[in-house]
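Peer 1: Provided herewith is a single structure, encoded as structure tokens, for subsequent inquiry.
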Amino acid sequence: MNEECLICRAPLEYLDADTEMECVFCRKKCLSKTRCINGHFVCDACHMGSTDPILSICLNSRSSDPIALIEQMMRLPSCHMHGPEHHIMVGSALLTAYKNAGGKLDLKPALAEMQKRGSQVPGGVCGFWGACGAGISAGMYVSIALKATPLSGQAWGLSNQMTAQALSAIGQNGGPRCCKRDSYLAILEAVRFTNEHLHVPMKHSPPVCSRAKQNNQCRMEACPFYRP
């Protein structure tokens, strides 16, 4: 098995109800529906590890290409095939590209806010909530870029439109989960949205998957980014 249980690589299982489990790394007890078939549980914080390398990539980049940026993040040792780290990475890549493409943004505090918000979206929400964390992260990007609040007008609407547009693309492509595919889809929608609604000329390189062999649920030719 590739990239399933981080301890023994056994397949994951998803329970019907939240169950108290102890993380094998930090020993923190959490309620979760997810564990491996051998009983190992890793909490989201330990699964993600430190987000400092993501911040370093963003703060030291001049790229306005969010696909190129997230590819750098995906090559980090702390980035797994699947996991909640993508809920931070998508928005971070977009905020950085937005700033470097000419968007008005104080990048460092924006990235700190993205890490704070993204880390609050648990792993597995694509199936359990019906809202993939990569799509939610794209909505967070617009919310942070436009400084939206629950009392905002246009910024409130645009943030929700961005989330809806990203989730629609992800949902139309279909499951099962693939955090890489869904991150690409969310970013492609965000680039189009940014150009049309935020009027910042963001561009992207074509996403090409290089990780199919690491994904036990890869859809192969059914994925728009798969290359034999």
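The values are calculated or read from the model by the stated rules, or taken from the named source; none is laboratory data. Note that the coordinates shown come from a computational prediction; the quantities given were computed from them, not determined experimentally. Positions of Cβ are backbone-derived with ideal geometry, glycine not excepted, and every protein chain shown enters the neighbour counts. What goes into the accessible areas is simple: the full protein's heavy atoms, side chains included, and nothing from ligands, DNA or RNA. Shrake-Rupley method; radii C 1.70, N 1.55, O 1.52, S 1.80 Å.
Peer 1: Leaving out ligands, DNA and RNA, and with a 1.4 Å probe, what % of the accessible surface on the chain is carbon or sulfur? All intermediate terms of the calculation are to be shown ahead of the outcome.
Peer 2: Values: 5780 of 11040 Å².
Accessible surface attributable to carbon and sulfur in the chain totals 52 percent.
Peer 1: Right, next: Taking amide hydrogens as modeled 1.01 Å from N in the peptide plane, which residues meet the under 5 Å criterion relative to LYS33, leaving out close sequence neighbours?
Peer 2: THR19
Peer 1: So, one more: Once the Cα atoms of helix 179-193 and of the chain are each reduced to a long axis, what angle between those two axes, in degrees from 0 to 90 to the nearest 10, is obtained?
Peer 2: Value to nearest ten degrees: 10.
Peer 1: Using the Cα centre as the reference, give the magnitude of the dipole from point charges on the C-beta atoms of segment 111-189 (Lys, Arg: +1; Asp, Glu: -1; all else neutral), rounded to the nearest 20 debye. Don't skip to the answer; put the middle values down first.
Peer 2: Working: 6 positive and 3 negative charges, 29 e Å.
Roughly 140 debye, rounded to the nearest 20.
Peer 1: Now for a separate question. Rounding to the nearest 10 and keeping the result within 0 to 90°, find how far the Cα-based axis of helix 154-173 lies from the longest principal axis of the chain.
Peer 2: Between the helix axis and the principal axis of the chain, the angle is about 50 degrees.
Peer 1: Using alpha carbon coordinates only, what is the Rg to Rh ratio of the chain, with Rh defined as the Kirkwood radius?
Peer 2: Numbers: Rg = 17.1 Å, Rh = 17.8 Å.
Value, to two decimals: 0.96.
Peer 1: Hey, if you drop one equal point scatterer on each alpha-carbon of segment 74-154 and run the Debye formula without solvent, what base-10 log of I(q)/I(0) do you get at q = 0.13, 0.15, 0.18, 0.27 Å⁻¹?
Peer 2: For segment 74-154 at q = 0.13, 0.15, 0.18, 0.27 Å⁻¹, log10 I(q)/I(0) is -0.40, -0.53, -0.75, -1.30.
Peer 1: How many angstrom lie between the Cα centre of segment 122-184 and the Cα centre of segment 41-59?
Peer 2: Rounded to whole Å, the Cα centres lie 20 Å apart.
Peer 1: Over the chain, give the accessible area per residue in Å² for a 1.4 Å probe, as an integer. Each step should come with its number before you reach the end.
Peer 2: Values: 11040 Å² over 228 residues.
Value for the chain: 48 Å² per residue.
Peer 1: For PHE128 and ASN160, what does the FRET efficiency come to when R0 = 22 Å and r is the distance between their Cβ atoms, rounded to the nearest 0.05?
Peer 2: Numbers: r = 21 Å, r/R0 = 0.94.
The pair PHE128/ASN160 has a calculated efficiency of 0.60.
Peer 1: Next up: What length, rounded to one decimal in nm, is gained on full extension from ASN2 through to SER56, with 0.36 nm per residue of separation minus their alpha-carbon distance? Write out the running numbers ahead of the final one.
Peer 2: Details: separation 54, 0.36 × 54 = 19.44 nm, distance 2.79 nm.
Taking 0.36 nm per residue and subtracting the Cα distance, the gain is 16.6 nm.
Peer 1: Among the listed pairs LYS99/LYS147; LYS116/LYS147; LYS29/LYS180; LYS33/LYS180, which are separated by more than 20 Å between their Cα atoms? Walk me through the numbers before you get to the answer.
Peer 2: Details: LYS99/LYS147 14 Å; LYS116/LYS147 15 Å; LYS29/LYS180 29 Å; LYS33/LYS180 22 Å.
Result: LYS29/LYS180; LYS33/LYS180 exceed 20 Å.
Peer 1: From the Cα gyration tensor of segment 1-113, with a ≥ b ≥ c the square roots of its eigenvalues, which class applies: rounded if a/c is under 1.5, or else prolate if a/b is larger than b/c, or else oblate? Please list the in-between numbers first.
Peer 2: Details: a/c = 2.90, a/b = 2.31, b/c = 1.26.
Here segment 1-113 falls in the prolate category.
Peer 1: Ok, one more. Quick check on packing: order 191-204, 6-19, 149-162, 86-99 by the mean number of other C-beta atoms within 10 Å, highest mean leading. Can you show the working numbers first?
Peer 2: Details: 191-204: 16.8, 6-19: 12.1, 149-162: 13.9, 86-99: 29.2.
Result, highest mean first: 86-99, 191-204, 149-162, 6-19.
Peer 1: Follow-up question, since we're still on this one. So, how do all the Cα-to-Cα distances of segment 145-192 break down into 10 Å bins, in percent, from 0 on up?
Peer 2: 26, 45, 24, 6
Peer 1: Sticking with this one: Can you tell me the FRET efficiency between LYS147 and GLU196 if r is taken as the Cβ-Cβ distance and R0 is 22 Å, rounded to the nearest 0.05?
Peer 2: Values: r = 20 Å, r/R0 = 0.89.
The value I calculate is 0.65.
Peer 1: Taking the Cα centre of the chain as origin and charging only Cβ (+1 Lys, Arg; -1 Asp, Glu), how large is the dipole, in debye to the nearest 20? Before the final figure, lay out each step's value.
Peer 2: Details: 23 positive and 18 negative charges, 84 e Å.
Roughly 400 debye, rounded to the nearest 20.
Peer 1: Another question about this same structure. In terms of the Cα gyration tensor, with a ≥ b ≥ c the square roots of its eigenvalues, is segment 128-216 rounded because a/c is under 1.5, prolate because a/b exceeds b/c, or oblate?
Peer 2: Working: a/c = 2.70, a/b = 1.59, b/c = 1.70.
Cα axes put segment 128-216 in the oblate bin.
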